[in-house]
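Working notes, beginning with the structure itself.
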Amino acid sequence: MRRAFRFQLRPTARQVAALTAMLDDHRALYNAALQERRDAWRHPSRTSVRYTAQAGQLSEIRAFDPDQARWSYSSQQATLRRLDKAMAAFFRRVRAGQTPGYPRFKGRNRFDTVDWPKDGDGCRWDSDPNHPTRTRVRLQGVGHLKVNQHRPVRGTVRTVSVRREGRRWYVVVSCADVPTEPLPATGSAVGVDLGVASLATTSGGVHYANPRFAERAAGRLAAAQRDLIAVEALNVGGMTRRARARPDPDAPGAFLPNGQGAKSGLNRNILDAGWGVFLNVLHAKAESAGRVVVEVNPANTSRTCAACGHCAAENRRTQAEFVCTACGHTAHADVNAAANILRVGLARQAAQAA
Ligand SMILES: [Zn+2]
């Protein structure tokens, strides 16, 4: 798995000056590249400038500007790529019919990071696993910087970033092939339903209510002694997840409230964000703990009886109450759904093992 490690740097006064100059020059490059894109966009022909065209000018810039020539070519490419991403996000929103603000020039306090896409290219992570106090990171144009390495770095260092936060400087190394730390397996499994009344509900009957605590809930869930965690798959962006129309059994042609109201507008956006954070954190934490997360298709999980398998819209009496019209099984509707999600998850895992 991939993982990032973050450490504080201990630069000398001379190195702080060099780091600051490095940020300033990368910021100037970013702003100049943005200016070129703006000019092209404002031109009546509405031409667009691409990353390759901008990166192609780097050699020339370095040839006539000795300040820019001090720094790594690769970190300058990374800065141009960062602008390219911001522009791509801008145009994506324009195409989606939104009116986003055009990407802005970066002021001195708005540009804090320089990235090196590859260890050994303009930067070098220099550490001895037996002597972590001797760890240094060498940056082109800055020199050898002391790293306050308070814990070991595992895996293979792939990318290096340096970041200014207030008056402090940090290095972030992103590593590949980091071994996972398995927790003792207990043979148990859990299903998770994502809902409106509660952000998440487990098959064990635990409700995680508040979307604001999505991150903590996911962490707690992943840390619990579980082998398998089955969650419902959300559509990308979660935007197409909709409550179904529910016919009223007592009045043909009429429909019962189905929570659709709660699943619209701002409420929905907050829920979508909460579910997204929950799933992201769950995947990350579960991976590092050696847990398996399976995402299952949630179709029918809210109206199928977890006890007998009878599937009918009428089973779901209210948002919270599930009463099976075939066997009489009664449960909290979200707990019933979570149990179905677990069953589907276990079946999928068994099918994959076979
Ligand atoms: Zn039943």
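Coordinate-derived values only; no laboratory data. Computed from a prediction, not measured in an experiment: that's the story for all the values here. Positions of Cβ are generated from backbone atoms using ideal geometry, with glycine treated the same way; all protein chains shown enter the neighbour counts.
Side notes on the structure shown:
- As a rough guide to protection, the peptides 89-100, 118-129 ranked by mean Cβ packing within 10 Å, highest first, stand as 118-129, 89-100.
- Cβ-Cβ FRET estimate between ASP24 and THR52, R0 fixed at 35 Å, reported to 0.05: 0.85
- Residue-span extension gain [GLN98 to PHE213] - 0.36 nm each, minus C-alpha spacing: 38.5 nm
- Kirkwood hydrodynamic radius of segment 295-354, from the reciprocal of the average inverse Cα-Cα distance over all distinct pairs: 11.6 Å.
- Counted charge near ASN31, where neighbours are those whose Cβ lies closer than 15 Å (Asp, Glu -1; Lys, Arg +1): 0
- Applied to segment 149-155, the Karplus parametrisation 6.51 cos²θ - 1.76 cosθ + 1.60 on θ = phi - 60° returns per-residue 3J(HN,Hα) values of 8, 8, 8, x, 9, 10, x Hz, with x for Gly and Pro.
- Highest mean packing first, where packing is the average number of other Cβ atoms within 10 Å per residue, the peptides 336-347, 9-20 line up as 336-347, 9-20.
- Protection proxy ranking of 318-330, 70-82, 50-62 - average other beta-carbon atoms within 10 Å, highest first: 70-82, 318-330, 50-62
- Anchor LYS118: aspartates and glutamates whose Cα lies under 17 Å away (excluding residues fewer than 8 positions away in-chain): ASP126, ASP177
- Local charge for ALA4 was computed over the other residues whose Cβ lies under 14 Å away, with Lys and Arg +1 and Asp and Glu -1, and equals +3.
- Net +/- balance of residues flanking CYS305 in space, Cβ distance below 12 Å, scoring K and R +1, D and E -1: +2
- Paired Rg and Dmax values of segment 3-176, which use every Cα atom, in angstrom: 17.7, 62
- Centre separation in Å (Cα based) which lies between segment 121-152 and segment 88-106: 38
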